[in-house]
Amino acid sequence: MTLIEKDSDPIVTASESDSDLVYRLWEGNLTALGVIYDRYSSVVYGVALKGLRSVSEAEDLTQEVFCKLARSRSYDPQRGSLAKYLTVLTRSRAIDRLRSRATRQKYADKWQQLQVPSDFKTPMHQVTQQERHVLVREAMSTLKDRQREVLEMSYYEGQSQSEIADRLGVPLGTVKSWARRGLLHLREQLRHVLEEEKS
């Protein structure tokens with residue numbers, strides 16, 4: 001029988017059941033987390049990598065999943081195996097990350113549409129990049145506070161709409177509405193710039 005010991009934690013045996021290890025973990029025994037990690041990290045990492053297709057994101061998600069297991073008591077041994085719980089949790093978190101990534105890309109694309117290209121032909125096309133930033137900033141200042149806040153959190157901080165809703169403590173639909181109205185208002189404010197771009 002292999003014994004695993006760390007600092008002053010009570011002795012944990014590698015042959016202990018998953019449920020016993022989880023209970024020990026919840027009692028504050030970090031050695032139990034090490035044993036659980038050794039058993040299931042390759043499974044969690046494999047699911048994360050398959051879903052995210054990024055080594056760094058898969059590594060990050062693997063750490064997040066085991067931290068979640070250690071912090072919360074959401075796993076119930078009566079409802080299924082630890083392996084199944086960790087697999088489902090990893091898939092769920094991977095999907096959340098993919099949605100967040102898609103949302104950030106969507107907003108980046110929308111903001112890109114507001115940018116003025118540098119190959120101008122008309123007098124407006126001679127406006128410097130700095131002046132264009134000023135125009136966008138001035139247009140942003142005309143937005144309502146919440147609309148501006150949502151767009152800045154999305155564009156500058158890269159937060160998803162769900163993350164913004166959680167942070168502001170408002171429904172997701174409200175955040176979507178503020179973002180949509182803000183973008184429409186910016187498009188109207190910068191309409192002359194966009195028209196010059198098309199000409």
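Since every read-out is calculated from the coordinates, none of them should be taken as a lab result. What you see is a predicted model, and the numbers here were worked out from it, not measured in a lab. All Cβ positions, even for glycine, are placed from backbone atoms using ideal geometry, and neighbour counts span all protein chains on display.
Observations on the model:
- Karplus-based coupling profile of the range 62-74, in residue order and whole Hz: 4, 4, 4, 5, 6, 5, 4, 4, 6, 7, 9, 10, 7, with θ = phi - 60° in 6.51 cos²θ - 1.76 cosθ + 1.60 and x standing for Gly or Pro.
- Each of L168 and A102 was given a label point 7 Å from its Cα along the Cα-to-Cβ line. The distance between the two points is 2.2 nm.
- The string of couplings for the range 44-50 from the Karplus curve (6.51, -1.76, 1.60, θ = phi - 60°) is 4, 4, x, 5, 5, 5, 4 Hz, one whole number per residue in order, with x for Gly and Pro.
- Hydrodynamic radius by Kirkwood, which averages 1/r over all alpha carbon pairs of the range 56-96, in angstrom: 10.6 Å
- Model label points for Y156 and I95, set 7 angstrom from Cα along the Cα-to-Cβ axis, are 3.4 nm apart.
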